[in-house]
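Down below is the structure, laid out as structure tokens.
The values are calculated or read from the model by the stated rules, or taken from the named source; none is laboratory data. The structure presented is a predicted model; accordingly, all values stated were derived computationally and were not measured. Because the Cβ atoms are built from the backbone with ideal geometry, glycine has one as well, and the counts that use them run over all protein chains shown.
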Amino acid sequence: MTRGNEQLRRAVDESGYSYGELARNVRAVAAESGVTTLRTNSSAVAHWIAGTQPHAVAARILAEALSRKLGRLVTAEQLGLVRIPDTADESLGLEMGQDPVDALTRLGRADIERRSWISSAAYSVPAAAHAAAAAARSVCLPRASATVRPCGTAGEREIQAVRQMATLLTAIDQRHGGRHGRSAVVQYLVSDVATLCRTRFRTEAQKRQMLSAAACVAYLAGWKAFDSGEAGLAQRYYLQAFKLTREAGNDLHTAFILRVLAHHGMETGRGEHALDLIDAALQRVRGRTDPASEALYVVTRARALALAGRSRAAVAAAARAARLVDGADETEMPFWAALWGSASACVGSCTALAAELLGAYDVAERHFSQAVWSESGSEYQRITALDLAHAGSMQCRQGHVEQACTTWGKALELMGGVRSVRILQAAESMRQDLAPFTHRGSRAAVEFDERARLWLAGEHV
């Protein structure tokens, strides 16, 4: 006879969920994680509490659903559920107490090997809350392992090599998308970069610079995971970047990663802690950084305010970001902020996203259209294409169908050859936005819908 699962029963009782409510939230987390086959219902929850073991993916998703409600990290093992195959640690990369270099090494290896437990990892809301709390309290995080490489001492040349590689790999990512060269970036992170983080440097200052450079590569690995549709894995990489900058003692770089975490939460549809994260970032940078970089934080706060429904404050923050970046010398931006392109274009894109949240589609359209990432668009091909796709969507929502189809046509031209899940999602959204107009027989809509359909069919081959 199967024994009941008292650990799971206690957690469900503490959450206050009914079986039906828990099942709905499990399905919601599964959908966020790209798991489309999970059909959890109240009967399944009852069976699990009675002692039936769910499969590993369901167990992890159930743990995340309960974690969000309870406000703390809860693992499947703590709930008395099945151990994850391949002896994986499902909390890997989420807890503040883990050594970031060790976590990066293990995350990277699981990523390269395409372990199912990590590729389907859910975005952790409690982990975002813990990062915001750690930033606010300035808690001391664990130091990276001090294991010394036997071949000697490193210095400035090694730091510059990592920075140059980060610059090169980021530029390739911006043009060709996150799925292009992803394994190469992760392999570089877990081999060369992780090894250098454990190496003796000539000075403590150089050691700190190395940790900061490593955070850039960790962020890039996370970004590539996100652009490949794996938001939970991306978050784990970002959290290690956060811990590396903290260990490096670089408050300004730490602030940048806090901004990344806030932005990621909003992009993932889990912006509950975005405002806390960006406020913690602004506390570090205010009066200590250049105007262009400060504008990035302020405009991210504008978007978080818009998400929170604070429209007046959001508009004021967006206006302040525009003033900061107007005429700013972007060559003053630190290396890790300048890596990701034009601050002016970023302010435009984020302002547009805030305006969209507030329902100001005409304002959003204007800012998306005016966000110029490069003269040709090819240097930042992915983000330029995405901004054009968003601009077309704003035009369509205003009923300007022919104009939207023209804008989307330009976006499709730039999307060719970009290996990115977000690009595919943007093209699919074009067809969804057009559906009401194609049903009415709009010629422009019908013709472009067929073009988008054929484009998607070619990309999915």
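Observations on the model:
Table: residues versus (1) hydroxyl-bearing (Ser, Thr, Tyr); (2) exposed (fewer than 14 other Cβ atoms within 10 Å of the Cβ); (3) in a loop (DSSP other than H, G, I, E, B); (4) at pLDDT 85 or above.
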site: VAL12; (1), (2), (3), (4): no, no, no, yes
site: GLY20; (1), (2), (3), (4): no, yes, no, yes
site: ALA23; (1), (2), (3), (4): no, no, no, yes
site: VAL26; (1), (2), (3), (4): no, no, no, yes
site: VAL35; (1), (2), (3), (4): no, no, yes, no
site: SER43; (1), (2), (3), (4): yes, yes, no, yes
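- For segment 92-118, the set of residues classified as of a type in the set (Asp, Glu) and assigned to a loop (DSSP other than H, G, I, E, B) consists of GLU95, ASP99, GLU113, listed by residue number.
- Residue match in segment 275-287 (condition: in a helix (DSSP H, G or I), small (Gly, Ala, Ser), closer than 27 Å to ASN250 by Cβ and in contact with a Phe, Trp or Tyr (Cβ under 8 Å, 6 or more places away or on another chain)): yes
- Output for segment 265-283, where each listed residue is of a type outside the set (A, V, I, L, M, F, W, C) and surrounded by 24 or more Cβ atoms within 10 Å (Cβ to Cβ): GLY265
- Meets criteria (among the acidic types (Asp, Glu) and either in contact with a His (Cβ under 9 Å, 6 or more places away or on another chain) or assigned to a helix (DSSP H, G or I) (or both)) for ASP89: no
- In segment 202-222, residue surrounded by the most Cβ atoms within 10 Å (Cβ to Cβ) [restricted to those that are of a type in the set (A, V, I, L, M) and either closer than 12 Å to VAL260 by Cβ or without any contact (Cβ under 8 Å) to a residue 40 or more places away in the chain (or both)]: ALA218
- Selection of segment 223-252 for residues being outside any helix (DSSP H, G or I), within 22 Å of the chain's Cα centre (by Cα) and surrounded by fewer than 24 Cβ atoms within 10 Å (Cβ to Cβ) yields SER228, GLY229, ASN250.
- In segment 331-372, of all residues being of a type in the set (A, V, I, L, M, F, W, C) and surrounded by fewer than 18 Cβ atoms within 10 Å (Cβ to Cβ), the one that is nearest to ALA171 (Cα to Cα) corresponds to ALA338.
- Flag: GLU77 does not match the condition of being buried (at least 20 other Cβ atoms within 10 Å of the Cβ), assigned to a loop (DSSP other than H, G, I, E, B) and modelled with pLDDT under 80.
- Filtered by the rule that a residue be within 15 Å of GLY348 (Cα to Cα) and in contact with a Pro (Cβ under 9 Å, 6 or more places away or on another chain), segment 288-322 gives a lone residue, SER293.
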